[in-house]
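Quick notes on the structure that follows.
The values are calculated or read from the model by the stated rules, or taken from the named source; none is laboratory data. Note that this is a predicted model, so its numbers are computed, not measured. Methodologically, a virtual Cβ is constructed for each residue, glycine included, from the backbone with ideal geometry; neighbour enumeration extends over all protein chains shown. Accessible surface areas use protein heavy atoms only, side chains included; no ligands, DNA or RNA. Shrake-Rupley method; radii C 1.70, N 1.55, O 1.52, S 1.80 Å.
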Amino acid sequence: MSDYTDYLRMLFDSGENRDTFEEKIAELFPAIIYVFDVEKKRLKFINKRVSDFLGFTYDDFREGNLDTLIFKDDLELVQKELEKFYTLPNSDSYSYNCRLNHKLGHWRYFRTMGSVLRRKEDGNAASLLFIAQDITEQLKSEEEIKAIQELFDETEELLQLGSWSYDIAKKKIHWTNGLYRLFEFERAELPIITREFYIELVTAEDRAGLEAVIKTAYENRTGFEYEYEVITKNKNRKIVSTKAKVVTDASGIPAKLVGMTRDVTPFRNFERDRERSIRELNRSNRELEEFAYVASHDLQEPLRKISTFSERLKAKFAQELGKEGALYLERILASTENMRILIDNLLEFSRTTRSSRAFEKVDINSIIAMVKMDLELKIEENNAQVIVRSLPKIEAVPSEMKQLFNNLLSNAIKFRKPLIDPVIEIRSEKINKQEKEKFHLPADKEFEKIYIKDNGIGFEEEYEERIFQIFQRLHGKAEYPGSGIGLAICKKIVDNHGGVMYAQGKLETGATFVVILPEKQD
């Protein structure tokens with residue numbers, strides 16, 4: 001290499017015109033050659049090879065700034081290395097390794113050898129001559145690069161994330177393999193990714209929020225972290241979290257946005273499922289307590305009556321039964337009937353709790369039609385009007401759906417206002433993202449909300465949750481007969497289908513029962 005520097009020194013001293021000089025250098029030296037002015041601390045010459053290796057032109061080095069050539073993180077290193085050249089003897093040379101900038105934004109490793117080209121009258125170095133050879137491939141073999149890339153891809157796949165960079169001026173985005181996986185695209189399908197294309201993948205509800213945090217990041221020259229919902233190529237909904245940082249140019253103007261986007265859907269669903277499990281466990285515990293209460297009180301009452309009246313019959317009417325004996329017997333029979341009704345309803349509730357849940361596609365319109373046929377006589381007797389809007393098709397257990405809407409329609413007719421014909425309206429709509437979050441429902445599922453609204457007697461708002469508890473009654477048996485289990489069964493059916501049920505009402509203004517059910521089961 002010292003021979004090269006001696007030859008170059010000779011060429012510089014030859015006084016040949018620049019074009020001839022450049023041609024000789026290009027032919028003889030497959031490297032970047034540059035001269036550094038020690039006093040002015042700038043480049044005074046660089047050969048045409050800089051275009052071949054780094055993509056720059058002469059105009060890029062018009063100012064002679066060293067930081068145009070040297071990678072920013074290596075500038076301090078190079079400054080220290082340059083000081084070692086100032087005291088080098090004429091015949092000596094010295095080399096070091098550093099990274100040089102490529103015009104496209106990346107860098108390459110070079111081994112740079114230099115020596116003193118010119119000296120001042122006092123003997124100190126006036127200019128330095130450097131020869132820089134690309135050693136990137138020596139430091140990073142293709143196998144190493146491939147291994148690193150594979151490791152990076154595996155890490156992205158494991159963590160369900162992808163990296164990206166956005167060129168603000170060109171409005172184009174570069175994705176790593178992780179993001180193609182996340183959005184379910186093949187790389188060949190998207191040779192160019194624009195800002196507009198990505199924004200279209202974000203759900204309409206979250207676009208404005210994402211645009212706002214990006215705008216704020218640009219204005220403040222900072223980064224952001226934001227969670228939002230996207231729709232993939234295959235129409236799957238996912239919740240993603242993006243963390244990004246703004247990169248500015250030399251003027252401090254935002255030039256790029258770089259970041260990572262991660263699929264957090266499983267984590268959010270896990271959190272919601274955990275919360276639902278806790279609520280279900282608490283509810284089950286309450287139901288067990290309520291059942292224990294019933295077993296020790298309500299169920300024991302008919303048994304005590306049977307036992308008491310039987311004892312009286314045995315003691316007082318062993319030989320024959322008179323009017324008094326017949327009265328006791330009627331009471332026994334009445335209590336036995338009450339006992340039977342309670343047990344039947346409890347068994348029904350138990351069967352609903354232990355349902356095998358054989359789901360199939362169910363048309364709720366057809367279910368309502370069957371329920372109306374079953375309740376035809378009751379509807380006619382009460383001159384009830386049942387208005388049915390278009391209802392959805394969902395995956396459900398047909399028998400349980402029939403029981404659910406049978407109970408709800410029966411109650412709507414039973415709890416009518418005196419002298420006013422019952423009017424019952426049934427309609428549905430899809431729920432939005434906010435409602436999914438409110439009821440802790442999976443974000444990647446579609447849900448239907450079905451309303452059953454009546455113009456009956458309604459109920460006080462304080463009873464909105466209590467009416468779903470087993471054996472809870474808001475009215476006396478004489479006025480409105482029943483066991484107090486019907487709505488508890490409805491609630492259990494909806495729970496079994498992974499849905500939500502609640503009620504809204506005001507006294508004397510009617511009630512609305514809301515049933516939220518998933519379109520598809522897992």
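A few remarks follow.
- Backbone N under 11 Å from the Lys393 label point (7 Å along Cα→Cβ), restricted to the stretch 426-446: none
- Taking all protein chains into account, the per residue accessible area for the stretch 54-127 stands at 57 Å² (1.4 Å probe).
- Once the chain from Lys506 to Thr87 is taken as fully extended at 0.36 nm per residue, the excess over their C-alpha distance is 141.4 nm.
- Gained length - Lys103 relative to Asp67, 0.36 nm times residue gap less alpha-carbon distance: 11.7 nm
- Peptide ranges 399-407, 185-193, 456-464 listed from the most packed, as the mean C-beta count within 10 angstrom indicates: 399-407, 456-464, 185-193
- Accessible carbon and sulfur surface of the stretch 364-466 relative to its total accessible area, %, 1.4 Å: 47
- The calculated FRET efficiency for Ala315 paired with Glu287, based on their beta-carbon distance and R0 = 51 Å, is about 0.80.
- Cross-link reach is defined here as a Cα-Cα straight distance under 16 Å, omitting same-chain residues fewer than 8 places apart; for Lys453 the lysines meeting it are Lys372, Lys414, Lys417, Lys506.
- Taking 25 Å as the straight-line reach from the Cα of Lys84, the lysines in range (excluding those fewer than 8 positions away in the same chain) are Lys40, Lys41, Lys44, Lys72, Lys120.
- By accessible area, using a 1.4 Å probe on protein heavy atoms only, the stretch 95-174 has 52% of its surface on carbon and sulfur.
- Theoretical FRET efficiency, 1/(1+(r/R0)^6), r = Cβ-Cβ of Asp59 and Asn234, R0 60 Å, to 0.05: 0.80
- Per-residue extension of 0.36 nm, minus the Cα-Cα distance of Glu121 and Val423, leaves a gain of 97.8 nm for this segment.
- FRET efficiency estimate (nearest 0.05) - Cβ-Cβ, Glu219 to Glu301, R0 56 angstrom: 0.15
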